[in-house]
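Engineer: This is the structure, below, for whatever I ask next.
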Amino acid sequence: MTGLEPWIAGLAGLALDTVKETAKEESGGTLTRWLNTDLGKTAEQIFYRASGQYAANYRERHGKLKVACVRMDEPIELDQIYTAVQLLDRSVLPYYESIDGLQDLYRQQNNRSFGINQKTRQDGIAIANRESYLLVLGGPGVGKSTFLRKVGLEALKRKQGSYQPQCIPVFIALQRFRSSDITLEQLIAKEFETCGFPEPVAFARAMLKKGKLLLLLDGLDEVPKSVEDHVITQIQDLVDRYSTNRFIASCRVAAYKGGFPRFKDVAMAPFDDEQIEQFIHKRFQSEKDREAQTAENCWSLLKQSEYKAAKELAQTPLLLTLLCEVYDKSLHFPKNRSALYGEALDVLLKEWAAEKRIQRDPIYQELSIELERELLADIAFDSFKNNQLFFAKRDITSRIKAFLVSNLNAPKHLDGEQVLEAIEVQQGILVERARDAYSFSHLTFQEYLTAQYIVDNQQIAWLVEHHLTDERWKEVFLLVAGLITGRKGADELLLAVEHQAQTFINTPKLKALLTWAEVATTGSEGEQQPAAKRAAAIFLSRSLDRSLDLDLSRSLSRSLSRSRSLDLDLDRSLDLDFYLDLSLSLSRSRSRSLSLDLYFYLSRSLDKIKIFKAVQFGVLRQQLEALRDQIPNDDQPIEVRRAFVEQIYQCWWDALGLEAEVTKLSDDEVKALEQYLYGNWLMVQCKEAAVRVSPDVWEGIEGRMLTVQEG
């Protein structure tokens with residue numbers, strides 16, 4: 001038993017019934033003559049065997065998924081991994097007349113995806129059931145071929161499948177057209193001949209005439225330019241001549257020039273979170289993976305904020321497959337994110353191109369992958385530096401031309417517009433979002449290539465000086481850290497960040513605050529790293545600022561919360577989430593009385609972890625307890641309640657040995673402190689993302705972190 005028996009019986013019955021019906025209508029025809037020589041059970045056996053071979057061939061050739069370019073060692077059954085495709089009606093896709101309109105829309109969405117959120121997503125197979133002529137458009141690796149193959153599988157399953165029309169699927173890779181001598185009918189007949197169907201040419205024509213075929217025409221964009229018009233004419237003629245059949249064609253959106261008025265144009269929607277999670281669960285469904293909860297762990301990791309860029313790539317099935325294969329090898333994603341994103345870019349630049357055999361394009365025979373990568377890095381850096389996520393076609397073609405002219409080893413005769421079209425159509429790294437308006441397919445690629453440009457052109461000092469506190473450049477910093485190689489590794493970057501961050505500590509109060517944090521924590525019994533102790537002390541001092549504005553508190557709390565990254569021991573022993581709530585609660589306490597329980601909890605937590613050297617928290621709690629009977633009620637004047645809160649603060653300041661005036665920072669000082677802490681947090685993140693850091697250099701940086709550096 002192969003599991004194909006129900007498929008085979010239905011397929012054979014449909015095929016033989018069609019042949020018999022055709023033979024009656026065309027007496028003296030080829031099929032009639034064949035039936036007259038092979039009557040009865042012999043014909044049924046022949047069709048059953050041929051149908052069995054056809055079903056087996058389809059499942060073997062089109063029912064398995066193996067993409068060598070993404071580390072996939074063994075093929076996976078398509079039914080096992082397939083995640084329901086969602087399609088967008090191309091006619092309802094928003095159109096924006098200007099680049100400014102695209103920029104505004106992107107910023108309104110407030111996420112990393114360039115895709116436009118659509119409420120018009122529909123299940124792909126449901127649309128295929130409804131539409132007789134369907135043209136599926138999308139970029140490289142979005143799953144167009146997989147979708148066509150899946151529809152074919154569902155058609156083969158007959159009543160057991162989700163594709164309702166009773167048709168025999170014929171999958172034709174349009175790249176098989178090598179000359180204008182080939183016709184679609186020949187390719188269809190060849191599919192049946194290979195499996196032993198009798199009189200394959202006549203059989204194919206009979207199936208077409210009776211409207212019993214589902215033609216899956218994959219990869220219009222992969223047709224050689226020399227025969228493109230011929231192939232389009234072939235499809236148009238076949239649809240006109242045999243209009244009762246079903247047709248689904250696929251094409252990369254950038255390559256589609258129209259020409260199929262009968263077809264319903266739909267676009268492949270990027271995977272949403274639900275689809276990404278489903279795909280991961282389907283990928284890791286072995287007994288071993290289920291026991292280890294591999295899928296749950298992979299999805300949980302991908303949802304973490306530090307992997308936002310990786311999750312953005314996961315919207316494309318090809319790159320999601322790569323992420324799953326990478327995770328499968330080590331049950332983690334590499335800390336060096338630059339290696340992961342570089343591999344994802346290479347999948348589109350090289351390996352995927354090799355599988356699709358696009359090197360025959362004259363552009364790629366003359367423009368090497370290395371040169372193309374440099375070209376893309378130039379474009380990425382210039383646009384990212386100018387805060388441009390979208391750029392005009394004329395600008396990008398001019399940039400390509402200038403690059404080719406300025407590079408001695410680049411082919412000078414190539415046309416900038418042709419190069420842009422090749423990159424867009426064949427690799428999908430640059431995408432036309434509106435008329436003559438382009439962007440990178442993923443923000444991750446733009447950031448990665450920007451980082452590559454900075455490293456290759458020794459722009460680290462410029463990066464730190466101009467963009468240290470610009471969170472838009474955070475991912476670029478981390479990628480730069482991972483791309484730097486050599487004996488000294490990321491030392492230069494880390495030292496530059498340290499120096500630039502120190503420039504924000506530029507007032508007496510800020511210096512006094514850092515000095516207090518160092519003196520108060522140095523030599524304490526806690527096992528945390530000194531920098532972690534200082535970070536907690538600074539946070540505590542800011543939480544006790546009675547004049548702290550609520551909005552400033554939120555902003556500062558967000559920045560200070562990053563201090564947990566300075567040392568994992570601190571994160572385990574100190575509830576910094578509690579501190580976040582504390583700062584907001586204290587900022588609101590100006591207008592109402594506040595329970596002393598909050599302060600007792602805080603003092604006990606600090607007493608337990610022992611980050612301060614000489615603070616007597618037991619005495620502090622006694623002082624706070626003495627105030628309990630004095631708590632004003634809400635009916636008393638606001639001045640009375642504020643005076644009470646002032647007493648609480650004074651107890652804390654006295655216990656901590658902290659001058660009250662030091663905590664009263666101006667708005668500019670609060671902003672400077674936030675920038676300083678962000679710079680230190682980013683420095684720690686860069687150290688973690690780096691391939692190599694000198695131990696002596698990092699030891700020195702860590703010792704100086706969150707201290708005042710004179711000179």
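The values are calculated or read from the model by the stated rules, or taken from the named source; none is laboratory data. Values in this document were obtained by computation on a predicted structure and should not be read as measured data. Positions of Cβ are backbone-derived with ideal geometry, glycine not excepted, and every protein chain shown enters the neighbour counts. These area figures cover heavy atoms from the full protein model, side chains too; ligands, DNA and RNA do not enter into them. Shrake-Rupley method; radii C 1.70, N 1.55, O 1.52, S 1.80 Å.
Engineer: Under the Kirkwood approximation for Rh and a Cα-based Rg, what ratio Rg/Rh is obtained for the chain?
Structural biologist: Working: Rg = 33.1 Å, Rh = 29.9 Å.
When Rh is taken as the Kirkwood radius, the ratio is 1.11.
Engineer: Okay, next question. Measure nothing but the geometry: give the 0 to 90° angle between the long axis through the Cα atoms of 491-502 and the longest principal axis through the Cα atoms of the chain, rounded to 10°.
Structural biologist: Result, in degrees: 50.
Engineer: If you keep only loop residues by DSSP, which trypsin sites (Lys or Arg not before Pro) in the range 184-266 have at most 15 other Cβ atoms within 10 Å of their Cβ?
Structural biologist: On the way: sites: Lys190, Arg205, Lys209, Lys210, Lys212, Lys225, Arg241, Arg246, Arg252, Lys257, Arg262, Lys264; in loops: Lys210, Lys212, Lys257, Arg262.
Within the range 184-266, the qualifying trypsin sites (Lys or Arg not before Pro) (loop, at most 15 other Cβ atoms within 10 Å) are Lys257, Arg262.
Engineer: For the chain, give the percent of accessible area contributed by carbon and sulfur heavy atoms, probe 1.4 Å, rounded to a whole number.
Structural biologist: Numbers: 14640 of 31510 Å².
Summing carbon and sulfur atoms, their accessible area is 46 percent of the total for the chain.
Engineer: Between the range 653-699 and the range 441-518, what is the separation of their alpha carbon centroids in Å?
Structural biologist: Rounded to whole Å, the Cα centres lie 14 Å apart.
Engineer: So what is the accessible area of the chain per residue, in Å², with the probe set to 1.4 Å? Can you show the working numbers first?
Structural biologist: On the way: 31510 Å² over 711 residues.
Per-residue value: 44 Å².
Engineer: Turning to a different aspect of this structure: The range 386-462: which trypsin sites (Lys or Arg not before Pro) are DSSP loop and have at most 12 other beta-carbon atoms within 10 angstrom? It would help to have the intermediate numbers written out before the result.
Structural biologist: Numbers: sites: Lys393, Arg394, Arg399, Lys401, Lys412, Arg433, Arg435; in loops: Lys412, Arg435.
Those satisfying the criteria are Lys412, Arg435.
Engineer: Expressed as an acute angle from 0 to 90° and rounded to the nearest 10, what is the orientation of the C-alpha long axis of helix 638-656 relative to the principal long axis of the chain?
Structural biologist: 80 degrees
Engineer: At 0.36 nm per residue, and after removing the present C-alpha to C-alpha distance, how many nm does the segment from Asp104 to Gln630 gain when stretched out fully? Working shown, then result.
Structural biologist: Numbers: separation 526, 0.36 × 526 = 189.36 nm, distance 5.44 nm.
Extra length available between Asp104 and Gln630 comes to 183.9 nm.
Engineer: Using a 7 Å offset from the Cα along the Cα-to-Cβ direction at both Gln418 and Ala512, what is the distance between the two label points in nm, to one decimal?
Structural biologist: 7.1 nm
Engineer: Going by average Cβ neighbours within 10 Å, how do the peptides 76-89, 612-625 rank, with the highest at the top? Working shown, then result.
Structural biologist: Numbers: 76-89: 18.3, 612-625: 16.1.
Top of the packing list down: 76-89, 612-625.
Engineer: Which residues among the range 509-534 fall inside the zone where the amide N is under 12 Å from a point 7 Å beyond the Cα of Ser666, along Cα→Cβ?
Structural biologist: Of the residues in the range 509-534, 509-510 have backbone N under 12 Å from the label point off Ser666.
Engineer: Sticking with this one: Can you tell me, using C-alpha contacts under 8 Å and at least 6 residues apart, the relative contact order of the chain as a whole percent?
Structural biologist: Relative contact order of the chain: 12 percent.
Engineer: What does the extension gain come out to for Gln122 and Arg241, with contour length at 0.36 nm per residue minus their alpha carbon separation?
Structural biologist: Numbers: separation 119, 0.36 × 119 = 42.84 nm, distance 3.00 nm.
In short, 39.8 nm is gained.
Engineer: How much length is gained on full extension from Asp79 to Ala292, taking 0.36 nm per residue of separation minus their Cα-Cα distance? Write out the running numbers ahead of the final one.
Structural biologist: Numbers: separation 213, 0.36 × 213 = 76.68 nm, distance 2.27 nm.
In short, 74.4 nm is gained.
Engineer: Any idea what angle helix 617-626 forms with the longest principal axis of the chain, computed on alpha-carbon atoms, 0 to 90 degrees, nearest 10?
Structural biologist: Rounded to the nearest ten degrees, it is 80.
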